[in-house]
Amino acid sequence: MVGTGRSPGSTISVLLLGESHAVCLWVGDSRIYLRRDGTLFQLTRDHSLAQEMIDSGLIASAEEARAAQRSGLTRAVGAGATLAIDRIVVPVQPGDRLLICTDGVSTMVPAAAMVAALDSPPADAAQALIKLAAEMGGSDDVTALVVAIYAAL
């Protein structure tokens, strides 16, 4: 962000797999989702002005925040002197799919389309989500990675 006095930053989501669990680490608004038994769960929580507005009750949804153009990041890698990384540990089981994606996917692709795409093999699912986000007018970076859990480690 040249000329604003602010350092540019990046978002990041990291997924570490253990024997029967996954560790999710993140900063910013890149997300990690879990699809289990046909239901999609957002595992991460955005570090954004929009999320803070939702949490404080100023607005009801992320769609309202985007309409008001209030989606600036509150945390990013490289944007400040300190870095706070959020972390959760979730159990995983055979049949689960994990999706790591940037906001270019999460803001453009509806949850139902994500669930449907995640029924495909991982590489096909990721490509389908990227293509769908681009077709829906994705103007931000569009990145997706899908991990399938076939058996307990």
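Place the peptides 103-115, 138-150 in order of packing, highest mean first, counting for every residue the other Cβ atoms within 10 Å and averaging per peptide. Don't skip to the end; give the middle numbers.
Working: 103-115: 19.0, 138-150: 16.8.
Averaged packing, sorted descending, gives the order 103-115, 138-150.
Where only DSSP H runs of four or more residues are counted, the chain gives -6500 deg cm²/dmol as its mean residue ellipticity at 222 nm, each run worth -39500 (n - 2.57). What the pair-distance distribution of the chain shows, using all Cα-Cα distances binned every 10 Å from zero, is 11, 37, 36, 14, 2, 0 percent. Across all Cα pairs in region 84-153, the calculated P(r) in 5 Å bins from zero up to the longest distance comes to 3, 17, 26, 21, 16, 11, 5, 1 percent per bin.
With every protein chain kept in place and ligands, DNA and RNA left out, what is the accessible area per residue of the chain? Probe 1.4 Å, answer in Å².
Values: 8390 Å² over 153 residues.
Using a 1.4 Å probe on heavy atoms only, each residue of the chain averages 55 Å².
Between LEU25 and ALA84, the modelled label-to-label distance comes to 1.8 nm, taking each label 7 Å out from Cα in the direction of the beta carbon.
Listed values for region 103-113 are Karplus-derived 3J(HN,Hα) couplings in whole Hz (6.51 cos²θ - 1.76 cosθ + 1.60, θ = phi - 60°), namely 5, x, 8, 5, 8, 9, 9, x, 4, 4, 5, and x replaces Gly and Pro.
Keeping the other protein chains in place, figure out the carbon and sulfur percent of the accessible area of the chain, with a 1.4 Å probe. Mind showing how you got there, number by number?
Values: 4650 of 8390 Å².
Whole-percent figure for carbon plus sulfur exposure: 55.
The values are calculated or read from the model by the stated rules, or taken from the named source; none is laboratory data. Given the structure is predicted, the values throughout are model-derived calculations rather than measurements. Here Cβ is always computed from backbone atoms with ideal geometry, including for glycine, and neighbour counts include all displayed protein chains. Surface areas here come from the heavy atoms of the whole protein model, side chains and all, with no ligands, DNA or RNA. Shrake-Rupley method; radii C 1.70, N 1.55, O 1.52, S 1.80 Å.
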